[in-house]
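Chemist: Quick one: the structure is below, and I'll ask about it shortly.
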């Protein structure tokens with residue numbers, strides 16, 4: 001079989017079809033949302049853009065980490081990760097509508113983007129030096145631009161140059177090590193800043209020092225699951241004969257190990273926030289446990305329980321069937337994880353905005369009730385402000401106590417009136433609906449169209465990498 005991937009018309013047609021499904025789903029999400037803010041459309045767009053951009057980022061990170069740590073077993077399929085990494089430029093382009101919306105108030109994804117809300121909110125005002133349109137825009141363009149132009153693109157260029165003119169001196173590989181040594185600390189600090197901006201600030205009052213680790217681990221496991229699916233597909237088409245069960249076994253171990261690591265981070269974040277009992281932190285989990293329990297507990301089932309049970313046996317990491325099944329579960333599970341990171345916060349932001357518009361009062365004061373269809377009611381009653389903090393330093397939040405608002409309000413938390421949050425199933429909020437699944441399919445089609453186009457531009461298996469022989473003869477002990 002040729003060492004060059006042929007991007008066939010039939011593959012393109014399938015991916016075009018996936019993108020059309022995504023486009024139709026986004027259009028339907030926009031036109032069927034009568035709430036005025038089109039929050040379902042915008043939150044779906046943010047969710048998938050950040051998710052796939054993150055997979056591109058973590059693929060860049062993995063490649064640089066591998067080079068710096070003298071890893072060689074992955075070389076026969078490193079072109080896949082290189083192709084994933086190039087999606088950074090597409091992800092940056094996809095962020096442009098969100099940035100324009102922040103400036104033009106076309107959406108209300110971020111409560112901190114509402115100037116009136118910031119002026120009347122002590123906590124948002126205190127965070128305004130970081131949570132503001134300028135920082136969001138500059139940070140996104142500069143940081144993602146640096147990831148792509150200075151590292152992902154350069155790394156791939158050196159890798160391809162090594163194939164074309166590489167010698168036994170391995171000059172290109174030595175230069176890759178220099179880039180890797182620079183990129184890893186840059187990536188560590190800059191990715192945290194952007195995760196705080198893109199995702200954590202959806203819940204504008206909330207904060208967690210572990211959130212960046214948590215979200216990055218979710219990206220990592222998603223990338224590994226997608227890599228397994230990509231490799232098995234390419235092998236089914238006759239490519240990558242050098243990729244053996246041994247390589248897939250190692251990737252299966254990665255998926256198992258980092259699923260456990262993600263769970264460790266999930267528990268550590270929850271445990272530390274519960275133990276510290278800071279009201280500005282506890283509200284995040286309190287909201288999801290009480291109002292979005294299927295999201296909260298389903299997240300653990302999909303991303304820990306199922307992969308742990310399936311992959312615990314050694315032989316399941318060597319069988320195509322169980323690897324495909326687990327990879328699909330894990331990939332969907334971590335997409336589901338980002339859904340639960342984003343949706344409750346955007347729902348809360350919509351309620352805040354509706355209350356502000358309905359009562360012409362500061363956006364943090366009253367909460368809006370919902371009608372039976374899950375939309376904010378225009379004639380929502382005022383919610384009383386709680387005068388006591390939700391939990392003192394010596395008390396945990398009691399189940400029967402007055403509940404916090406979604407954004408949390410520090411020294412002046414608020415009660416939720418009956419019906420403020422969905423009591424039952426609300427499509428696209430309490431669980432992903434068909435439009436959310438369709439949007440994800442569209443983004444996945446776009447992602448693979450770009451990846452396959454990149455794979456067709458270089459040899460699938462590099463020929464002059466110093467660790468090629470080690471990778472070809474890789475064997476799991």
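Please treat every number below as a calculation from the coordinates, not as lab data. Keep in mind that this is a model prediction, so the values were computed, not measured. Here the Cβ positions follow ideal geometry from the backbone for every residue, glycine too, while neighbour counts run over all protein chains shown.
Chemist: Among 249-255, 94-100, how do they line up by average Cβ neighbours within 10 Å per residue, starting with the highest? Show your work: numbers first, answer last.
Modeler: Numbers: 249-255: 20.7, 94-100: 16.7.
Answer by packing, highest mean first, reads 249-255, 94-100.
Chemist: Based on the Cβ-Cβ distance of residue 71 and residue 27, what FRET efficiency does E = 1/(1 + (r/R0)^6) give at R0 = 35 Å, to the nearest 0.05?
Modeler: Details: r = 44 Å, r/R0 = 1.26.
Rounded to the nearest 0.05, the efficiency is 0.20.
Chemist: If the viscosity is 1.567 mPa s and the temperature 4 °C, what translational diffusion coefficient in µm²/s does Stokes-Einstein give for segment 9-146 when Rh comes from Kirkwood over Cα pairs? It would help to have the intermediate numbers written out before the result.
Modeler: Details: Rh = 17.6 Å.
Calculated translational D: 74 µm²/s.
Chemist: Ranked highest first by the average count of other Cβ atoms within 10 Å around their residues, in what order do 271-278, 56-63, 331-338 fall?
Modeler: Numbers: 271-278: 13.8, 56-63: 26.1, 331-338: 22.9.
Listed from highest to lowest mean packing, they are 56-63, 331-338, 271-278.
Chemist: Let me test this: with uniform point scatterers at the alpha carbons of segment 189-283, what is the Debye-based log₁₀ I(q)/I(0) at q = 0.13, 0.19 1/Å?
Modeler: Log10 of I(q)/I(0), two decimals: -0.59, -0.91.
Chemist: From the mean inverse distance of alpha carbon pairs (Kirkwood) and the Cα radius of gyration, derive Rg over Rh for segment 1-59. Could you put the intermediate results ahead of the total?
Modeler: Details: Rg = 16.2 Å, Rh = 13.9 Å.
Result for segment 1-59 is an Rg/Rh of 1.16.
Chemist: Put a dot 7 Å past each Cα toward the Cβ at residue 177 and residue 13; how far apart are the dots in nm?
Modeler: For the pair residue 13/residue 177, the computed spacing is 5.0 nm.
Chemist: What Kirkwood radius, in Å to one decimal, follows from the Cα pairs of segment 181-242? If you can, show how the numbers build up before the last one.
Modeler: Working: mean 1/r = 0.0715 Å⁻¹.
It works out to 14.0 Å.
Chemist: To continue, here is another question. Can you figure out the FRET efficiency of residue 315 with residue 138, using R₀ = 51 Å and their beta-carbon distance, to the nearest 0.05?
Modeler: Values: r = 50 Å, r/R0 = 0.99.
E between residue 315 and residue 138, to the nearest 0.05, is 0.50.
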